Amino acid sequence: MNVLIIGNGGREHAICWKLRHSKEVTDIFCAPGNAGTASIAANVNIAPTDIAALLRFAQEQSIDLTIVGPEAPLAAGIVDKFRAEGLRVFGPTRAAAQLETSKSFAKEFMKRHHIPTAAYEVFHSGESARLRDWLNDCNYPIVLKADGLAAGKGVVIAQDSAEAFRTGTDMLKGTAFGDAGTTLVVEEFLEGIEASVFALTDGNRFVTLAPAQDHKRILDNDLGKNTGGMGAFAPTPHVPSETLADVKIRVIKRCIDGMRNEGVPYTGVLFVGLMLTADGPKVLEFNCRFGDPETQVILPLVDYDLGVLLRDIADGSLQLNRLPLHDANAVCVVMASSGYPDAYEKGKIIAGLDAINEEEEGILVFHAGTRSDGKRVLTAGGRVLGVTALAQGSDIGASIRLAYNAVNRIRFDGAYYRTDIGRKAIRS
Ligand code: AMP
Ligand code: GLY
C-alpha cells in the first residue's frame, strides 16, 4: 500500500514513523514534510491546502491511502474531493469537520445529543445589544469563543462584563478574528484539569487511544502565552479507566451515533478536549484531526498495525472493538525556537541528533519545524523537535528522565523548552 501523509509537523513525522512499522505499507510520501519525514519517507513539495495538486499527485503515484494531518485541508473539503475521485482517504468530510470548524455547530450538536459541555449562548453579528444585556446577567469569569478557525487564538477568558463586552463586540464586528468571529459562542467557565481523548472511528464503531495531556503555555507551571503545545504525556493518570469508560459512553458514542443519525457520518480521528470537573468530564472542544504534540506520545503506545487500522477505517470497516496498547508510557518535550509563539529566527544548525541512539535509549526524536540542507538539519519553524521517550509500565518519571537526558544533548542557537513536562502526572 502506497501512503500519502499531508502536513509537515511532529504529528506527521510520528504518523510516518508508525506506518514504517506496518506490514502493509510500501512507499510513504509526505506533503510537504520536514527533515524528519525525509529520512523515512519521500517528501513532496505540495502545500497541504493545494488540494488539486495533492489529488493529481495521489492519482499519478497510485496512492492507496491518504492521511490528512492538519485541519485546514479538512475544512476545505479534501476528503469529499478525494472520495469523489474514488481515492481512499482518512479523515472527516467537510460537513463532519464542522465539529471543529464551527464552535456553534458543535455546541448545538452537543445540546441535541446530551453530551456534557459548558452552558452557552450563541450571538451573531448585529446582536451586540442582546450580548450586552446577556453579559450583565452572568457569572465571571466567562469564556468567549470565535465560531470559526482562528489558529488556536479564538478563545478569550474575560474577567468582568466590561471586558467581555469589549472583546465580544470586537469579534462580532470582525475586527478581532475576521469572519471566524462574527458568530460568537459565550460559555460558562469550567474549572478542573484538562485532558484529551482520541477516538478512531469509521462512522459506526470506534476505538480509543491512550488518554493524553498537553502543556499549552510557553512557560513552566502553565504560565505565559498559549502555544500549539510545548509537550505531552500519555496515558494520563487523571483519566483512569472508569473516567475513560464514562467519556466513551456519554461523549464519544453519543457524538458518533448523533453525527451518523443526522446524516453527516463522522470518520477519521475525533479529538475530544475535556475539562475534568467536579461534575464529571465536560467537552471543551472537538477537533477533527490528531493533536500535536499528543500524537507523538499516543502513537508509539499503539500495539497494532497503523496502516491496517487507518485503511480499515477509511473503508468504513473497522474490525476492532478495543485497540491493543503497550504497557508503557510516553513523554514528549518540545524544543522550540527562542521567541516562539511570537517572532523567531530560522536556519539555526541543529547539533547532537546523531549522538542519540534512538532504539537503545527508548527515544524517538520527531521533527516539526526542520529542514535538511545537505547533511545538516536546520531549524525552520517555531516548534522544532518533539523529543519523545518511552518507558515500560506506568512510571512516567522514567520517561521524563530519558526525554530530558536526550534534550540536554541536542543543541541549536536559541533552543527553548519547558523543564516541567510530565510533572502534572507525578503530582497526581
Ligand atoms: P478551545 O480552543 O475551545 O480548546 O479553548 C482553548 C483553551 O481555552 C482550552 O484549552 C482551555 O484552557 C480554555 N477554555 C476553553 N473553554 C473553556 C471553558 N469553558 N472554561 C475554562 N477554560 C476554557
Ligand atoms: N495540541 C493541541 C492541538 O493539537 O490542538
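The values are calculated or read from the model by the stated rules, or taken from the named source; none is laboratory data. This is a predicted model, so every value here is computed, not measured. A quick note on method: Cβ atoms are made from the backbone with ideal geometry, for glycine too, and the neighbour counts reach across all protein chains shown. The protein model used for the area step is the full one, side chains on, heavy atoms only, and it has no ligands, DNA or RNA in it. Shrake-Rupley method; radii C 1.70, N 1.55, O 1.52, S 1.80 Å.
Take the conditions (1) in contact with a Ser or Thr (Cβ under 9 Å, 6 or more places away or on another chain); (2) within 16 Å of ligand 1 (Cβ to nearest atom); residue 172 misses just one of them, which is (2). In segment 1-38, the residue that is surrounded by the fewest Cβ atoms within 10 Å (Cβ to Cβ) out of those that are free of Cβ contacts under 8 Å to residues at least 60 places away in the same chain and in a helix (DSSP H, G or I) is 20.
Within segment 277-309, restricting attention to residues that are within 16 Å of ligand 1 (Cβ to nearest atom), open to solvent by 10 Å² or more (accessible area, probe 1.4 Å) and of a type in the set (Asp, Glu), the residue that is farthest from residue 331 (Cα to Cα) is 279. Scanning segment 58-73 for residues that are part of a loop (DSSP other than H, G, I, E, B) and open to solvent by 20 Å² or more (accessible area, probe 1.4 Å) yields 61, 62, 64, 70. Filtering segment 74-114 down to residues that are open to solvent by less than 20 Å² (accessible area, probe 1.4 Å) and hydroxyl-bearing (Ser, Thr, Tyr), which residue is farthest from residue 19 (Cα to Cα)? Taking the candidates together, the pick is 104. Determine whether residue 312 is open to solvent by less than 40 Å² (accessible area, probe 1.4 Å), more than 24 Å from residue 10 (Cβ to Cβ), charged (D, E, K, R) and away from ligand 1 (no atom under 16 Å from the Cβ). Criteria met by residue 312. A single member of 377, 334, 387 is crowded, with 24+ Cβ neighbours inside 10 Å, in contact (Cβ under 8 Å) with a residue 24 or more places away in the chain and over 19 Å from residue 212 (Cβ atoms), and it is 377. When you go through (1) surrounded by fewer than 19 Cβ atoms within 10 Å (Cβ to Cβ); (2) in contact with a Pro (Cβ under 8 Å, 6 or more places away or on another chain); (3) not aromatic (Phe, Trp, Tyr) one by one for residue 249, which number turns out not to apply? Exception for residue 249: condition (2). Residues in segment 145-175 that are touching a residue at least 24 places away in the same chain (Cβ under 8 Å), part of a helix (DSSP H, G or I) and not hydrophobic (A, V, I, L, M, F, W, C): 161, 168, 169, 173.
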